Amino acid sequence: LEGYLFPDTYQFPRHIGAARVVRAMVSRFRQVYSGLAPPNAERPAREIVTMASLVEAETGTAEERPLVASVFYNRLKGNIPLQCDPTVVYAAILNNSYDGRIRQSQLNAPSPYNTYLHPGLPPGPIANPGKASLLAALHPVSSNYLYFVANPSGHHTFSQTLSEHNMAVTLYRRNLPH
């Protein structure tokens, strides 16, 4: 049910049981999603939810979510691997090998969730996206960006070219605590 357990505030009786909690969360997802997605959406719901889960995992900054979605859609259009770090983390978690850092061995791991090795979207969601991420996946902004990296302000630096991106990565690494 990854991707379909809607993150929200719920009030449950003390001894409700997991099955009822899951039903309530999936029901809330359906309610929210049906209010956002047009009936004739150009992409299947599973693709939207998977994209939204990538956006959710990449940024906690609501105003950046449509831009992050734009980068991913631009990469998909250009047949460029998504290279989404949270997919590698998800694969490592599934493999019980994640210790808080992404290792080269994980970037090379053959998991179908590894978007460094496998083109396109992963086979399913990697997180449970909230409303802002679902909206971003449904309505990304238009941009020419193909890359982004975290910056010291807690946001991201977006780049159109690999050379711009490499410069942003260098600046990011310089600002890391040593």
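ASN96 to SER153: FRET efficiency via 1/(1 + (r/R0)^6), r the Cβ-Cβ distance, R0 45 Å, to the nearest 0.05? Efficiency for this residue pair is about 0.85. Over all directions, the projected convex hull of the C-alpha atoms in the stretch 1-127 averages 9.4 nm² in area.
In order along the stretch 34-39, the phi-based Karplus estimate (6.51 cos²θ - 1.76 cosθ + 1.60, θ = phi - 60°) of 3J(HN,Hα) comes to 5, x, 9, 8, x, x Hz; Gly and Pro are listed as x.
Does a label point 7 Å from the Cα of ARG174, set along Cα-to-beta-carbon, have any residues of the stretch 144-163 with amide nitrogen under 20 Å, and which are they? In the stretch 144-163, the label zone of ARG174 (backbone N under 20 Å from the point 7 Å along Cα→Cβ) covers 148-163. Per-residue Karplus couplings for the stretch 92-100, computed as 6.51 cos²θ - 1.76 cosθ + 1.60 with θ equal to phi - 60°, are listed in order as 5, 4, 4, 8, 6, 10, 9, 10, x Hz, Gly and Pro entered as x.
Packing, taken as the mean count of other beta carbons within 10 Å per residue, orders the peptides 105-117, 19-31 from highest to lowest as 105-117, 19-31.
Across the stretch 14-122, the relative contact order, built from alpha-carbon pairs under 8 Å that are at least six residues apart, equals 23 percent. Computed from Cα atoms alone, the Kirkwood hydrodynamic radius reported for the stretch 74-178 is 15.3 Å. Taking only protein heavy atoms and a 1.4 Å probe, the accessible area of the stretch 1-118 is 50% carbon and sulfur. Ellipticity at 222 nm from helices only: DSSP H runs of n ≥ 4 in the chain, each -39500 (n - 2.57), divided by the residue count, give -14000 deg cm²/dmol.
The angle between the Cα long axis of helix 65-77 and the main principal axis of the chain comes to about 70°, on a 0 to 90 degree scale.
Net length available on complete extension from GLU42 to THR161 is 40.0 nm, with 0.36 nm assigned per residue and the Cα-Cα distance removed. In the stretch 6-85, a dipole from Cβ-located charges (positive for Lys and Arg, negative for Asp and Glu) runs towards its positive end, and of ALA69, PRO7, PRO81 it is PRO7 whose Cα lies farthest in that direction.
For HIS156, nonlocal amide neighbours, meaning residues 5 or more places apart or on other chains whose placed amide H falls under 5 Å from its own, are ASN151.
The values are calculated or read from the model by the stated rules, or taken from the named source; none is laboratory data. On a predicted model such as this, the values are computed, not experimentally measured, just so you know. For neighbour counting, all protein chains shown are included, and Cβ atoms are generated from backbone atoms with ideal geometry for every residue, glycine included. Accessible surface is based on the protein model in full, side chains and every heavy atom, while ligands, DNA and RNA are left aside. Shrake-Rupley method; radii C 1.70, N 1.55, O 1.52, S 1.80 Å.
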